[in-house]
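Here is the structure we will look at.
The numbers here are math on the coordinates, done by the rules we state, and not lab data. Since the model is a prediction, treat every value here as computed from it, not as a measurement. For neighbour counting, all protein chains shown are included, and Cβ atoms are generated from backbone atoms with ideal geometry for every residue, glycine included.
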Amino acid sequence: MVWLPQQDALRGRVAVVAGATRGAGRGIAAALGEAGATVICTGRSSSAGTAAIQSDYARSETIEETAGLVNSLGGVGIAVQVDHLDSEQVGRLAQRVRDEHGRLDVLVNDIWGGEVLKGRPPEWNTPVWQHDLDKGLRILRLAVETHLVTSHHLLPLLINQPGGLLVEVTDGTTDFNADQYRISVYYDLAKVAVNRLAFSQGHELEPYGATALALTPGWLRSEMMLDNFGVTEDNWRDALQGAVEGYPAAPKGFETSESPRYIGRAVAAVAADPARARWNQWSVTSAELAREYGFTDIDGSQPDSWAHHA
């Protein structure tokens with residue numbers, strides 16, 4: 001049975017999804033739109049913005065497409081081109097939210113941008129003394145510094161009234177990452193750090209009645225992941241049989257992969273929960289929140305790709 005969101009659960013709420021161009025960020029923006037929120041979709045890839053700050057990925061997805069998706073699902077989508085490494089740009093974003101909306105209820109720090117820098121599997125497990133230093137340090141800037149810059153400028157809006165929610169999106173929970181080596185020193189450090197950011201920011205937000213949560217998807221069927229196997233969201237299971245000529249077959253674990261909307265619905269469910277403060281400083285997966293709140297992925301399933309690691 002396919003679960004359907006409550007269309008007005010977040011009507012009147014204002015959210016900023018930082019890093020909304022594609023992947024989890026687009027899925028989160030879309031799910032907030034399903035619940036009726038006003039969603040400010042930020043990122044570097046824009047069809048109408050400045051070419052000088054476009055994404056490193058050189059892909060076709062744009063924040064305008066994401067905002068359009070939010071609108072089509074019943075929310076209000078607003079695209080704003082922002083390089084979250086640039087403090088002045090993020091400061092202008094905060095002022096725009098203040099001027100145009102007067103409030104901020106949800107902030108999602110989903111900025112990443114290091115997918116190319118982390119390399120493909122043959123490049124993983126490269127020791128730090130052999131790893132390209134400039135690429136490694138840029139991974140940390142993109143994955144951690146961006147989150148700090150964004151929180152610095154936007155959290156003052158979030159704490160203006162009780163009930164604000166900050167979601168830090170990462171890869172792997174605190175418990176999982178504690179004893180697992182993740183791809184490289186730089187990637188490993190970035191993903192551990194973002195979990196800790198939710199913990200430390202939760203400590204600082206609690207006196208203001210706000211909540212910080214670290215959230216990880218499972219195996220995410222992002223646009224880039226689907227492209228790796230030559231499939232789309234409509235036929236992704238074909239990758240399991242290696243049915244697409246010229247592309248590798250996906251490993252068996254891909255069976256429990258999830259669409260970006262799944263983690264999005266996790267964010268929307270917490271945002272709509274009057275008792276969301278119970279999650280403050282937690283590190284959880286989209287699947288854990290699905291079991292708690294009862295939502296499903298777009299195909300009606302509740303996948304949990306982390307379960308086989310338990």
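GLY230: net charge of surrounding residues, Cβ under 14 Å, Lys/Arg +1, Asp/Glu -1, itself excluded?
Residues near GLY230 contribute -4 overall.
Ignoring lysines fewer than eight residues from LYS118 along the same chain, the ones with Cα atoms less than 21 angstrom from its Cα are LYS135, LYS191. In the chain, the DSSP-assigned H stretches of four residues or longer account for a calculated mean residue ellipticity at 222 nm of -11000 deg cm²/dmol, using -39500 (n - 2.57) per stretch and the full residue count as denominator.
Positive-end ranking of ALA198, VAL185, ALA266 along the dipole of the chain, with charges on Cβ about the Cα centre, is headed by ALA198. Quick check for me: using +1 on Lys/Arg Cβ and -1 on Asp/Glu Cβ, what's the dipole size of the stretch 72-129 about its Cα centre, in debye to the nearest 20? My answer is approximately 60 debye. Among ASP175, ASP188, ASP83, the largest mean-square fluctuation in a Gaussian network model of the chain (Cα springs under 10 Å) belongs to ASP175. Local charge sum around CYS41 (other residues, Cβ-Cβ under 10 Å, Lys/Arg +1, Asp/Glu -1)? Its environment carries a net charge of -1. Farthest towards the positive end of the charge dipole of the stretch 73-115, among the residues LEU104, GLY91, LEU73, is the Cα of LEU104, using unit charges on the Cβ of Lys, Arg, Asp and Glu.
Which of GLY102, GLY264, GLY74 ends up with the largest GNM mean-square fluctuation for the chain, with Cα atoms connected below 10 Å? Comparing GLY102, GLY264, GLY74 in the GNM, the peak value goes to GLY102. Subtracting the Cα-Cα distance of SER72 and ASP99 from 0.36 nm times their residue separation leaves 7.2 nm of extension gain. Anyone know which of ALA275, ALA94, ALA67 comes out most mobile in the 10 Å Cα GNM of the chain? Result for the chain, Cα springs under 10 Å: ALA275 fluctuates most.
For ARG120 and LEU148, the FRET efficiency from 1/(1 + (r/R0)^6), where r spans their Cβ atoms and R0 equals 35 Å, is about 0.80.
Relative contact order for the stretch 239-310: 32 percent, from Cα pairs under 8 Å spaced at least 6 residues apart, divided by residue count.
Per-residue Karplus couplings for the stretch 124-130, computed as 6.51 cos²θ - 1.76 cosθ + 1.60 with θ equal to phi - 60°, are listed in order as 6, 6, 7, x, 4, 6, 9 Hz, Gly and Pro entered as x. Only Cα pairs under 8 Å and 6+ residues apart enter the sum, and on that basis the relative contact order of the stretch 91-171 stands at 54 percent.
Can you tell me the relative contact order of the chain? Whole percent, Cα pairs under 8 Å, sequence separation 6 or more.
Values: 645 pairs, mean separation 61.5, N = 310.
Normalised by residue count, the contact order of the chain is 20 percent.
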